[in-house]
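Each remark here refers to the structure printed beneath this line.
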There are 2 protein chains.
Amino acid sequence: MKRFHVEVRVKPRPGLLDPEGKAIHHALDSLGYEGLAGVRVGKVIDLELAAGNREEADARAREMCRKLLANPVTEDFELAVAEAPESDDEGGQAS
Amino acid sequence: MKRFHVEVRVKPRPGLLDPEGKAIHHALDSLGYEGLAGVRVGKVIDLELAAGNREEADARAREMCRKLLANPVTEDFELAVAEAPESDDEGGQAS
């Protein structure tokens, strides 16, 4: 089993209301930032997981998104899978 | 002025408490997902902004992060700047 780092980005679907994004847009306008055409806010979830290979890590993360992390009615998600470096700060795990 | 899409990812600093990540970690464990070593949750903010060039877009987004989007004490942020396609669905703006 290798360790993988999966970055999941969960965003509100285009066209759906995004009150948090609207609030930030308004706040940035108030601070004097011009030329801002849109602001949308979502979540980014970093998962550290063990899997046999990259495809398995991707598949498991997608399943987590469908089951828990994203609302299938209102949100879309994207994944980025990267293999975590072997020699981490956890010390010498020879097995 | 060109239009740019800036994706800002704001994440809790390593080592700092992340109760939302802990809650998701616990929920995924309860759903039977094994081999999960860590979950961290942050925000992803999509900005659509006008700027003269990519460097200017990057600089303005960084300033927004420092002023409003990220808490400098508890959060780190990363940016990804991309030029938005000219021919959007806004119709024929010839000027």
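Computed from the C-alpha gyration tensor, the three semi-axes of the ellipsoid equivalent to the range B:2-83 are 32, 14, 8 Å, from longest to shortest. Label position 7 Å from Cα toward Cβ: report the copy-to-copy distances for B:Pro14 in nm, one decimal, ordered from shortest. Inter-copy label distances (nm, one decimal, shortest first): 3.6.
One residue of chain B places its C-beta nearer than any other to the axis carrying B onto A; that residue and its whole-Å distance are B:Val44, 2. Taking other C-beta atoms within 10 Å as the exposure proxy, B:Lys43, B:Lys11 rank B:Lys43, B:Lys11 from fewest upward. Each other copy holds its own label point for B:Arg54; taking that point as 7 Å from Cα along Cα to Cβ, the gaps run 2.3 nm, nearest first.
Between the C-alpha center of the range B:11-54 and that of the range A:68-84 there is a gap of 11 Å. Label-point spacing for B:Leu31 across the identical copies (point 7 Å from Cα in the Cβ direction), in nm and ascending order: 3.3. For the range A:1-64, the list of GluC sites (Glu not before Pro) that fall in a loop by DSSP and count at most 14 other C-beta atoms within 10 angstrom reads A:Glu34. Against chain A, whose longest principal axis is taken from its Cα atoms, helix A:19-30 shows a tilt of about 60°. Distances between every pair of Cα atoms in the protein assembly as shown, grouped in 10 Å steps from 0 to the bin holding the largest one, split as 8, 31, 33, 19, 7, 1, 0 percent.
FYI, it's all coordinate maths here, none of it is from the lab. Here the structure is a predicted model, which means the values were calculated and not measured. Using ideal geometry, Cβ is built from the backbone for each residue, glycine included, and neighbour counts are taken over all protein chains shown.
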